[in-house]
Amino acid sequence: MLGQRTGMKVSGFWGWSDELGRGVVCVLALALIGSCGSSGPKRANIKPGALPPGVTLTGVYHSPQYGELHLVQNGRQAIGEYKQEERRGRIQGTLEGDVLRFEWTEHRELVTGKPLVTRGRGYFQFIRGEDGSDYLVGEWGVGEDEVGGGPWRAVRLRNRKPTLSTDRASSAAEEEKGDDLDSPGSAGQGSGGF
């Protein structure tokens, strides 16, 4: 019979007494839970260097996996948007030297009207290639993890200016506002009085 031995007072699964077995299982379960919870989010082990003088990350970058990334840097902050087939996403982060650490949100619409939203973190390191091209090389993670999801590599497209959805919304609002000011009977100020 399973767990019983002749001539011994041991019973239960694997020859343990029921009390001892429960105690060992509880200790192992607590150790496993403790080790899973105490490690914290996974971060990239990368040391920031200096950006070349006069360089910002502002630009349009192409990635085979994620399409075009329109990225705008303002001081140490940067925001960007990307779109590739059924996925569209947004990143927002802080630059330290040549490393941008960011949070991302992605909407992926495999079924029309039912987008799947995922979030995570990631990083890019700016690299100027020997060919003179500018690259963002990094990785993304899911949830609070900065790594573990996969690589993200992109090359800056020359002579392209980034546009974000907030820029397009602002431009449309300004055009609409300007149209009202330039319409007949608008006190003839044309440019809003500036």
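The values are calculated or read from the model by the stated rules, or taken from the named source; none is laboratory data. Please read all numbers here as calculations on a predicted model, not as lab measurements. Neighbour counts are summed over all protein chains in view; Cβ atoms, including those assigned to glycine, are modelled from backbone coordinates with ideal geometry.
Given the structure, is E109 in a strand (DSSP E or B), farther than 15 Å from W140 by Cβ and not hydrophobic (A, V, I, L, M, F, W, C)? Yes.
Counting the residues of region 68-108 that are of a type outside the set (D, E, K, R), modelled with pLDDT of 95 or more and closer than 16 Å to V155 by Cβ gives 6. The set of residues from region 51-78 being on the phi > 0 side of the Ramachandran plot and either in a strand (DSSP E or B) or surrounded by 15 or more Cβ atoms within 10 Å (Cβ to Cβ) (or both) comprises G59, G67. Residues that are within 21 Å of L136 (Cα to Cα) and of a type in the set (D, E, K, R) within region 86-106 comprise R87, R88, R90, E96, D98, R101, E103, E106, listed in sequence order. Here R119 meets each of (1) touching a Lys or Arg at 6+ places or on another chain (Cβ under 6 Å); (2) modelled with pLDDT of 95 or more with one exception, condition (1).
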